[in-house]
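What follows is a short report on a single structure.
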Amino acid sequence: MADPMPMPQASLKHRYLISVWTIVRKEVTRFTRIWLQTILPPAITMALYFVIFGNLIGPRIGEMQGFSYMQYIAPGLIMMAIITNAYANVVSSLFGAKFQRHIEEILVAPIPNLLLLVGYMVGGVVRGVLVGLVVTATALCFTDLQVQSWPVTLAVVILTAALFSLAGLLNALFATKFDDISIVPTFILTPLTYLGGVFYSIDMLPVFWQKVSLGNPILYMVNAFRYGMLGVSDINITTAFSVIVLFCVVLFGVSLWLLERGAGLRT
Amino acid sequence: MKALELKGLKKVYANGKTALEGIDLTVNDGDFFALLGPNGAGKSTTIGIITSLVRKTAGTVKVYGIDTDLDFQGAKTHIGVVPQEFNFSLFETVWDIVVNQAGYYGISRARAAARAESCLRQLALWDKRMEVSRTLSGGMKRRLMIARALVHEPRLLILDEPTAGVDIEVRRLMWDFLVDLNQRGTTVILTTHYLEEAELLCRNIAIIDHGRIIENTTMKSLLATLHAETFVLDLARPLTSLPTAGDFLLSLTDPTTLEVVVEKGSYLNDLFAFLSRHDITVNSLRNKANRLEELFLKLTGDSAVSVDG
């Protein structure tokens, strides 16, 4: 029988560590169990991008900032896969848990909202990184890629995956039907990604559209990642990191605030 | 020691509906407690507040002395809950559902596995542990929710209609399990729409109606307030006319079925003596309605069109 007295802090920390690990483990088990829906499609999509844009159209475009077109778009495509998968993982998993009501398993357990948030976010990051690796492996079948800066590359991958996991979580909190979890990816995320410098340098745009593009947060992530891999970027790397970190902090804070208020999960 | 203490608990939902009007309720450690009420009376809201699924508007909740306003996580370590509706992932195995639940409570994988095995064996689900939950029968799903609620060994188990929709064999298995669990020290709070179940299992009872506690007493005291009981007697031979009985109100529903209203203070021995004097032979005897059901309907009046929910 459990002891009614509060647990010692060390024991409490250990308990919380197990709780978060359980959420992460469950998340990873979930998306690996359905790998045909989660891991394989990005690899196939990216292979098609490389064949069409890289092999067929790329040679007509020529070099971009000293790299072949295929090499130039590879970091953007990898980042696109990371963004969409980190987002999709959390939004579909959390909304599914809400829909089937098994989120209550976690809500009734002694898990602070902060840990629930971290658990789901880490789950999204793991999927984003795993898909990123698969897509990178796919890219290597078509072109050579050298990493210029491992710290920048890894930091951008993890921060971007975390950012979009948090965005997915926010979407899931407010979603009340399945349509609600596809609206943001279809009408916001995809256009922003395509217009975020994945396929082109913003230097190619008229000045007005260059300035408009600077309002697109995905531009900073794509360029920071491209800087990490190729050493070239349209955006100052410090500015890019500042924007990414700022978004992460704001989304984390808003998500936690909403969870504390019970938004979308508790009545 | 008090397992649960609710004081002035109030809930007004965002749409303005008041679900709880400020209820006070105490459940002692080791009790087997029935919380009954008609549909929409506030039972599920009360359970939701205790388990943190519903945010209270006012009042206090203490679980084993821990104020949920001060340490909800600490209070929750003592609670296990079996909700009314199935709320587990339909794509996970029985084993994963139970072991993960232990993990959410901070129990290591090795300990969780041992506890899960114990719970699943006790609830006759061990052979189904690798089955995906959606393939289980209704009774198995109910037992899975009980196993999941018990895997962290809570001191207070709250069951919201745990036997709804299960066959009588499984229901009896669950009754035996819950009685045994209670005898081993777990406090049990039960809501059910099978009132004979509450009468059979619970020692204390509260009836909630329109967000207020309208009765809170021992089961024996409540049943003692019943002024009359109606019995149905199956007769060996058909009766053509009714004998006159001073102490009992008799009526024939068909020639071999006699209904007798026995007032409080009258004895069944007198009834049988009267029937023997009139050469009426009785094959069997049963209550026309469950005693608790009669009281429940009396107390809740028009609200009790149905007692589930």
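The values are calculated or read from the model by the stated rules, or taken from the named source; none is laboratory data. What you see is a predicted model, and the numbers here were worked out from it, not measured in a lab. Using ideal geometry, Cβ is built from the backbone for each residue, glycine included, and neighbour counts are taken over all protein chains shown.
Considering each residue of segment A:36-47 in turn, none proves to be at the interface with another protein chain (Cβ under 9 Å from one of its Cβ atoms), in contact with a helix residue (DSSP H, G or I) (Cβ under 9 Å, 6 or more places away or on another chain) and surrounded by fewer than 23 Cβ atoms within 10 Å (Cβ to Cβ). Just checking, which of B:Leu268, B:Leu252 is modelled with pLDDT of 70 or more and surrounded by 14 or more Cβ atoms within 10 Å (Cβ to Cβ)? Of B:Leu268, B:Leu252, the one residue that is modelled with pLDDT of 70 or more and surrounded by 14 or more Cβ atoms within 10 Å (Cβ to Cβ) is B:Leu252. Among the residues of segment B:76-86, those identified as in contact (Cβ under 8 Å) with a residue 12 or more places away in the chain and either surrounded by fewer than 20 Cβ atoms within 10 Å (Cβ to Cβ) or more than 8 Å from every other protein chain (Cβ to nearest Cβ) (or both) are B:Gly80, B:Val82, B:Gln84, B:Phe86. Residues in segment B:224-235 that are within 20 Å of the chain's Cα centre (by Cα) and at pLDDT 75 or above: none.
Please work out if B:Thr93 is in contact with an Asp or Glu (Cβ under 8 Å, 6 or more places away or on another chain), surrounded by fewer than 22 Cβ atoms within 10 Å (Cβ to Cβ) and within 25 Å of B:Ala164 (Cα to Cα).
Numbers: in contact with an Asp or Glu (Cβ under 8 Å, 6 or more places away or on another chain): yes; surrounded by fewer than 22 Cβ atoms within 10 Å (Cβ to Cβ): yes; within 25 Å of B:Ala164 (Cα to Cα): yes.
In short, yes.
Please go through segment B:71-86 and give me each residue that is of a type in the set (Asp, Glu) and assigned to a loop (DSSP other than H, G, I, E, B), ordered by number. Write out each step before concluding.
Let us first name the residues in segment B:71-86 that are of a type in the set (Asp, Glu), namely B:71, B:85.
Scanning segment B:71-86 gives a single hit, B:Glu85.
Being closer than 30 Å to B:Glu161 by Cα and of a type in the set (Asp, Glu) is not true of B:Asp247.
Residues of segment A:181-204 that are surrounded by 14 or more Cβ atoms within 10 Å (Cβ to Cβ) and aliphatic (A, V, I, L, M): A:Ile181, A:Val184, A:Leu189, A:Leu192, A:Leu195, A:Val198, A:Ile202.
Restricting the search to segment B:51-65, which residues are aliphatic (A, V, I, L, M) and more than 7 Å from every other protein chain (Cβ to nearest Cβ)? Can you show your working first?
Of segment B:51-65, the ones aliphatic (A, V, I, L, M) are B:53-54, B:58, B:61, B:63.
Residues satisfying the conditions are B:Ala58, B:Val61, B:Val63.
Quick check: anything in segment B:197-206 among the polar types (S, T, N, Q) and within 14 Å of chain A (Cβ to nearest Cβ)? Taking every residue of segment B:197-206 in turn, none turns out to be among the polar types (S, T, N, Q) and within 14 Å of chain A (Cβ to nearest Cβ).
Take the residues in segment A:244-267 that are part of a helix (DSSP H, G or I) and of a type in the set (Val, Ile, Thr), then tell me which one is surrounded by the most Cβ atoms within 10 Å (Cβ to Cβ). Out of the qualifying residues, it is A:Ile244.
Modelled with pLDDT of 85 or more and either part of a helix (DSSP H, G or I) or touching a Lys or Arg at 6+ places or on another chain (Cβ under 7 Å) (or both) - does that describe any residue in segment A:53-68? Checking segment A:53-68: not a single residue is modelled with pLDDT of 85 or more and either part of a helix (DSSP H, G or I) or touching a Lys or Arg at 6+ places or on another chain (Cβ under 7 Å) (or both).
Scanning segment A:89-112 finds no residues that are more than 27 Å from B:Gln84 (Cα to Cα) and either small (Gly, Ala, Ser) or not in a helix (DSSP H, G or I) (or both). The one condition from (1) in contact with a helix residue (DSSP H, G or I) (Cβ under 8 Å, 6 or more places away or on another chain); (2) without any contact (Cβ under 8 Å) to a residue 24 or more places away in the chain; (3) within 10 Å of chain A (Cβ to nearest Cβ); (4) over 21 Å from B:Ala164 (Cβ atoms) that B:Asp71 does not meet is (1).
Could you say which residue among B:Arg55, B:Arg111, B:Arg121, B:Arg115 is part of a loop (DSSP other than H, G, I, E, B), over 23 Å from the mean Cα position of the chain (by Cα) and surrounded by fewer than 23 Cβ atoms within 10 Å (Cβ to Cβ)?
Numbers: B:Arg111 fails: part of a loop (DSSP other than H, G, I, E, B); B:Arg121 fails: part of a loop (DSSP other than H, G, I, E, B); B:Arg115 fails: part of a loop (DSSP other than H, G, I, E, B).
The match here is B:Arg55.
Answer with yes or no whether B:Gly65 is in contact (Cβ under 8 Å) with a residue 60 or more places away in the chain and more than 18 Å from B:Gly48 (Cα to Cα). The answer is yes for B:Gly65.
Could you check how many residues of segment B:169-184 are within 14 Å of chain A (Cβ to nearest Cβ), touching a residue at least 12 places away in the same chain (Cβ under 8 Å) and under 16 Å from B:Asn204 (Cα atoms)? Give the derivation first.
Applying the first criterion (within 14 Å of chain A (Cβ to nearest Cβ)) to segment B:169-184 yields B:181-184.
Narrowing the set further to residues that are touching a residue at least 12 places away in the same chain (Cβ under 8 Å) leaves B:181-182.
The next check asks that each one be under 16 Å from B:Asn204 (Cα atoms); those that pass are B:182.
Qualifying residue count for the region: 1.
Quick one: is A:Leu116 within 13 Å of chain B (Cβ to nearest Cβ) and either among the aromatic types (Phe, Trp, Tyr) or in a helix (DSSP H, G or I) (or both)? Yes: the conditions hold for A:Leu116. Return yes when B:Glu161 is more than 17 Å from A:Glu105 (Cα to Cα) and either over 21 Å from the mean Cα position of the chain (by Cα) or surrounded by fewer than 21 Cβ atoms within 10 Å (Cβ to Cβ) (or both) and no when it is not. Criteria not met by B:Glu161.
Take the conditions over 30 Å from A:Ala109 (Cα atoms), surrounded by fewer than 20 Cβ atoms within 10 Å (Cβ to Cβ) and in contact (Cβ under 8 Å) with a residue 60 or more places away in the chain and apply them to A:Gly54. Does it pass? In short, no. Every condition in (1) within 9 Å of chain B (Cβ to nearest Cβ); (2) over 30 Å from A:Phe142 (Cα atoms); (3) within 23 Å of the chain's Cα centre (by Cα); (4) of a type in the set (Lys, Arg) is met by A:Lys98 except one, and the failing one is (1). The number of residues in segment B:87-100 being within 8 Å of chain A (Cβ to nearest Cβ) and part of a strand (DSSP E or B) comes to 0. For beta carbons closer than 7 Å, sequence separation of 6+ or different chains, a first residue in segment A:37-51 that is free of Cβ contacts under 8 Å to residues at least 12 places away in the same chain and a second that is surrounded by fewer than 18 Cβ atoms within 10 Å (Cβ to Cβ) and part of a helix (DSSP H, G or I), there are no qualifying pairs.
Among the residues of segment B:1-44, which ones are of a type in the set (Phe, Trp, Tyr) and in a strand (DSSP E or B)?
Of everything in segment B:1-44, those that are of a type in the set (Phe, Trp, Tyr) and in a strand (DSSP E or B) turn out to be B:Phe32, B:Phe33.
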